[in-house]
Amino acid sequence: MQVAVFSTKPYDRRFLDTANGGRHRLRYLDARLSAETAPLATGADAVCAFVNDELDAETLQALAGLGVRLIALRSAGFNHVDLAAAHRLKLPVAHVPAYSPHAVAEHTLALILTLNRKTHRAYNRVREGNFALDGLLGFDLAGKTAGVVGTGQIGELVSRILIGFGCTILAHDVRPNPACEAMGVRYVERDALFASSDIVSLHCPLTPETRHFVNDALLKRTKRGMMLINTSRGAVIDTAAAIRGLKNGTIGSLGLDVYEEEAHLFFDDRSNRVIQDDVFARLLTFPNVLITGHQAFFTAEALRNIAETTMANLTAFETTGRAVHEVPAEKVATTSTSLGQRA
Ligand code: NAD
C-alpha cells in the first residue's frame, strides 16, 4: 500500500523502515496532519498519524475525498480523532493498543524521583562547583501514600513500582483492576484519593469525563503540598488551576510529560524562537515544576512495538480488509466529543 506517514522524525523512520522490510511504500512527511496538510496524502491508500495530528471531521472528510481507506495511528490514544466522523465516512481507524506500558510507568518514576530529590538542580550545581544542599531537601518515598488515577496497563505498573518503594497505594478508576486489588491497592473515590495522597499520578485516558479532572474545586480538597504527576494527556489537568495551586502551595511540586496545548510546542526544536504560550511560559518559571516534552513513551522497545504493530495493521488491512487493532465501534460515542483537547 501507499502510506502517507505524517509527523515523522528520523527516529520514527528508522524503526518504521525496519518493521516494513520494503513491503509498503511509505511516504514520510515532516508535516503535522490537519485539514490544511491533508492534500499531502494525495495518492495514498492509508494515512499514518501520531498524537498531535489533528484528525477532525474536516481533515477526515478531505482524506476520504482523496481515496484514503485507512487511518493507522501510531499511538494507543485516539482522543485526537473524531471517531464519529470516521464512522460516517466509513474510514476505519486502527491504533497501537499497547506498545510499552513499562516505558511510561518508568518515566513516571523518573519524574517523581527527580522532583523529589532534585537531581536536575544538583547536576547543575555540582558542575558549577556548588556543593551546598540548601533547597535540595527531599522526602522518603517509603511510608508515603500515592494515589493512582486510572489503573490500566500503566497505572498498574506504576502501583507495582511504588509498592516496591514502600508506598501505600490508593487508586481511583471507573473499573477496578483485580491485579491491583491483589497487590493491596485500595480503591477510593476521587476526592478521598486527593485528600489523602502525598503523590498523585494520572493514568486515565482523556475523555469528556476526565477533561479538567484536576480543577480548582478538586484542588481545594487536596492534601496541601502534594506532588502531582501527569503522563496521561494534558487536558486531564486544568493548567490554569494547577498554576493557582502552585502559587498558593496546594501543589508542592508538579511533573508533566503532557500539556493541554502541547500540539504547537512539543516534538520540535524551538530553542531559537520565542514561546508564545504564556501559560506554558509561566509553568517554566516555577522551581518545583518539571516538564518533559511527551517523551514517556520514548524507549527503543516502544518505538519497535509501535512500528511493528503499525505494519501489522497495514498488512492485515491490505490482505483481509481489516486492520488487526481497529478502534472498537463502542468507543465512537465516548470519544468524539473530546476532540480539540489534544495532548
Ligand atoms: P488503559 O486503557 O490500559 O488504562 C486506562 C485506565 O483508565 C482504565 O483502567 C480505565 O478504566 C481508566 N479510566 C477511564 N476513565 C476513567 C475515569 N473517568 N476515571 C478514572 N479512571 C478512568 O490505558 P494505559 O495504556 O494505561 O494508558 C493510560 C493513558 O496514558 C492513555 O490513555 C494515554 O493517554 C496515556 N499515554 C501517554 C503516553 C506518553 O508518552 N506520555 C504514552 C502512552 C499512553
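Before moving on, here are some points about what is shown:
- Flag if residue 121 is among the charged types (D, E, K, R) and touching a Cys at 6+ places or on another chain (Cβ under 8 Å): no
- Residues satisfying the criterion are present in region 184-204 (criterion: modelled with pLDDT of 95 or more, in a helix (DSSP H, G or I) and among the hydroxyl-bearing types (Ser, Thr, Tyr)).
- The set of residues in region 245-278 that are surrounded by 14 or more Cβ atoms within 10 Å (Cβ to Cβ), more than 14 Å from the ligand (Cβ to nearest atom) and farther than 20 Å from residue 9 by Cβ comprises 245, 246, 250, 251, 252, 253, 254, 261, 277.
- Residue pairs meeting the criteria (Cβ under 6 Å; at least 6 apart or on separate chains; first within 16 Å of residue 82 (Cβ to Cβ), in region 24-39; second modelled with pLDDT of 95 or more and of a type in the set (A, V, I, L, M)): 33/49; 35/62; 38/62; 38/63
- Restricting region 101-124 to residues that are of a type in the set (Ser, Thr, Tyr) and surrounded by fewer than 23 Cβ atoms within 10 Å (Cβ to Cβ), the residue that is nearest to the ligand (Cβ to nearest atom): 114
- Among helices (runs of 4 or more DSSP H) entirely within region 65-127, having at least 3 residues that are among the hydrophobic types (A, V, I, L, M, F, W, C) singles out 83-88, 101-117.
- Scan of region 1-23 for residues that are free of Cβ contacts under 8 Å to residues at least 12 places away in the same chain and in a strand (DSSP E or B), ordered by number: none
- Matching residues in region 141-178 - criterion: being over 18 Å from residue 227 (Cβ atoms), within 11 Å of the ligand (Cβ to nearest atom) and not in a loop (DSSP other than H, G, I, E, B): 153, 156, 157
- Condition met for residue 224 (farther than 23 Å from residue 193 by Cβ, assigned to a loop (DSSP other than H, G, I, E, B) and at pLDDT 95 or above): no
- Residue within region 84-96 that is within 15 Å of the ligand (Cβ to nearest atom) and buried (at least 18 other Cβ atoms within 10 Å of the Cβ) present: yes
- If only residues of region 130-156 that are surrounded by 17 or more Cβ atoms within 10 Å (Cβ to Cβ) and among the aliphatic types (A, V, I, L, M) are counted, the one that is nearest to residue 223 (Cα to Cα) is 146.
- Filtering region 33-55 to residues that are under 22 Å from residue 232 (Cβ atoms) and either among the aromatic types (Phe, Trp, Tyr) or surrounded by fewer than 20 Cβ atoms within 10 Å (Cβ to Cβ) (or both) leaves only 50.
- Within region 193-201, one or more residues are within 11 Å of the ligand (Cβ to nearest atom), open to solvent by less than 50 Å² (accessible area, probe 1.4 Å) and small (Gly, Ala, Ser).
- Considered as a group, the residues in region 67-83 that are at pLDDT below 95 and more than 8 Å from the ligand (Cβ to nearest atom) include one that is surrounded by the most Cβ atoms within 10 Å (Cβ to Cβ), and that residue is 80.
- Verdict on residue 218 being in contact with a helix residue (DSSP H, G or I) (Cβ under 7 Å, 6 or more places away or on another chain), open to solvent by less than 40 Å² (accessible area, probe 1.4 Å), more than 12 Å from the ligand (Cβ to nearest atom) and within 30 Å of residue 82 (Cα to Cα): yes
The values are calculated or read from the model by the stated rules, or taken from the named source; none is laboratory data. Nothing here was measured: the structure is a model prediction, and the numbers come from that model. A quick note on method: Cβ atoms are made from the backbone with ideal geometry, for glycine too, and the neighbour counts reach across all protein chains shown. Heads up: the accessible areas ignore ligands, DNA and RNA and are worked out on the full protein's heavy atoms, side chains in. Shrake-Rupley method; radii C 1.70, N 1.55, O 1.52, S 1.80 Å.
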